[in-house]
1. Among what's in segment 406-419 and is part of a loop (DSSP other than H, G, I, E, B) and over 23 Å from the mean Cα position of the chain (by Cα), pick the residue that is farthest from Asp193 (Cα to Cα).
2. Does Glu35 qualify as being in a loop (DSSP other than H, G, I, E, B), more than 17 Å from Gly97 (Cα to Cα) and of a type in the set (Asp, Glu)?
3. Scan segment 221-249 and report the pairs whose first residue is under 18 Å from His199 (Cβ atoms) and whose second residue is aromatic (Phe, Trp, Tyr), with Cβ atoms within less than 9 Å and a gap of 6+ or a chain change.
4. Any idea which of (1) out of contact with any helix residue (DSSP H, G or I) (no Cβ under 6 Å at 6 or more places or on another chain); (2) within 22 Å of Leu298 (Cβ to Cβ); (3) hydrophobic (A, V, I, L, M, F, W, C) is the one Ala313 doesn't satisfy?
5. Taking the options Thr71, Thr32, Thr56, name whichever one is hydroxyl-bearing (Ser, Thr, Tyr) and either touching a Leu at 6+ places or on another chain (Cβ under 6 Å) or assigned by TED's automatic domain parsing to the domain that holds Glu268 (or both).
6. Taking the residues in segment 24-36 that are more than 22 Å from the chain's Cα centre (by Cα) and under 22 Å from Asp137 (Cα atoms) as candidates, determine which candidate is surrounded by the fewest Cβ atoms within 10 Å (Cβ to Cβ).
7. Within segment 77-96, is there a residue that is at pLDDT below 95 and in contact with an Asp or Glu (Cβ under 6 Å, 6 or more places away or on another chain)?
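The values are calculated or read from the model by the stated rules, or taken from the named source; none is laboratory data. Quick caveat: nothing in here was measured; it's all calculated off a predicted structure. Cβ placement follows ideal geometry from the backbone for every residue including glycine, while neighbour counts extend to all protein chains displayed.
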Amino acid sequence: MSRDASPDPALHAARRQRLLDRLGSGLLILPTAAETLRNGDVHHEYRPGSDFHYLTGFPEPEAVLAAWRTTKGRHHSVLFVRPRDPEREIWDGRRFGVDGARRRFGVDETFPIGELWQQLARLLPAHGRCFHRLGADAAFDRRLFDVFAADARRRRRQAPPAHPVLEDPLPALAALRLVKDAAELAALQAAADATVAGHVAAMRAARPGLREYEVQAELEAAFRRHGSPRNGYASIVASGPNACILHYHDNDRRLRAGELLLIDAGAEMGGSTADVTRTFPVSGRFTPAQAAVYRVVLRAQAAGIAACRVGAAWDAAHRACVRALTRGLVELGVLRGDVARLVRDQRFRPWYMHGSSHWLGRDVHDVGAYEVPGHGAQPLRPGMVLTVEPGLYFAPKDRRVPAALRGIGVRIEDDVLVARGAPRVLTAAAPKSIADVEAACARS
């Protein structure tokens, strides 16, 4: 069975019910992610669509969920799936099929995917509203419009509207996913644990002379040993000056003595991903200049994490990080002047050019609004998870900074659960203090 399968009927039925209660009366139509061709007849590794998987736990491609409320607290759900096919299963692996999907995933009805449009033509006339996101799949939209048009033609003597009222369900779904339930928090913690193991393995493996991709191999092998089927995103393994490239992905430079190695990588578990960055010395010990920069970033991250309190604005962590980093830039001799004024004038931007946080969950940059219309920044609530990831990046030829700092890039990132009381760092086990990092880098 696919490791992406999550046959927990009660959990997914409860999620569907919460969504449908938010949406109200109408028919929800939600396809899963499509398979993507890599080249020839070879596909990229398949991962189910995050929204679809959240509501069904079903792992296979070519599947569609249809659901609607029946009475208060009740709903009806239908899955359209690929039928069993012994010949194709020889090539592509076993399928749940129509009967298996109904039996294992707890929906009310299942049909072969080939009957989708016939069944939607039967279901749609009973609903005045249709919840479906337009634009994600033009071919799917055209077929849906054909169903609308055919129904309007059948009822032309009644002067019906050309189609039901269309409403995008994803804002409501994103709002649900923004606050994690117990199952998601367990998956996030499992992803965090696998990710911590990978970062520790990388610290132990790194040494001068290796290529970045060799350290990446050790990192991701630890992810797999801990049960992760895939990364949550492409690993960044950036040594020396490459750490100043925010989305560096070549991962092929040779590690050199005396440099730092920045790794931004996260394992996926149970459909959720961690997102962790650690920066550590290739030779096992920070130089004085590296340690000075590292302490500034570490102090900023601590301030950002402390700001992740219930009721605070979601960007409170960023504002706390910016204040601490700007103060640190003054201490490092990069900036001069009053810290508050330097922050107001964004004088930190040449060396800190990105945000400090984003939502985390099934996607590394997870769904959920950052602004509440008419009310400003989204307030933090228990169950929200976000990253805190300040950094400083001094390019090798940047003459605006002291020579000892040039070529140093440091980012420190953890995954933070907003909880009643103090925030909870899901990835706290990853070495982070200078002493703990150097100890993890020490090889017996």
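1. Within segment 406-419, the first condition is being part of a loop (DSSP other than H, G, I, E, B), and the residues that meet it are 406-408, 412, 418-419.
Subset that is over 23 Å from the mean Cα position of the chain (by Cα): 406-408.
Working: Arg406: 34, Gly407: 31, Ile408: 28 Å.
Going through the qualifying residues, I end up with Arg406.
2. On the way: in a loop (DSSP other than H, G, I, E, B): yes; more than 17 Å from Gly97 (Cα to Cα): yes; of a type in the set (Asp, Glu): yes.
Yes; evaluated as a whole, the condition is true for this residue.
3. Cβ pairs passing all conditions: Arg230/Phe223; Asn231/Phe223; Ile236/Tyr248; Val237/Tyr213; Val237/Tyr248; Ala238/Tyr248; Asn242/Tyr248; Ala243/Tyr393.
4. Condition (2) is where Ala313 drops out.
5. Working: Thr71 fails: either touching a Leu at 6+ places or on another chain (Cβ under 6 Å) or assigned by TED's automatic domain parsing to the domain that holds Glu268 (or both); Thr32 fails: either touching a Leu at 6+ places or on another chain (Cβ under 6 Å) or assigned by TED's automatic domain parsing to the domain that holds Glu268 (or both).
Going through Thr71, Thr32, Thr56 in turn, just one is hydroxyl-bearing (Ser, Thr, Tyr) and either touching a Leu at 6+ places or on another chain (Cβ under 6 Å) or assigned by TED's automatic domain parsing to the domain that holds Glu268 (or both): Thr56.
6. Applying the filter and picking the extreme gives Gly26.
7. No - not one qualifying residue is present in segment 77-96.
Residue by residue, here is whether (1) among the β-branched types (Val, Ile, Thr); (2) assigned to a helix (DSSP H, G or I) holds:
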position	(1), (2)
Glu87	no, yes
Ile90	yes, yes
Arg104	no, yes
Trp117	no, yes
Ala136	no, no
Phe148	no, yes
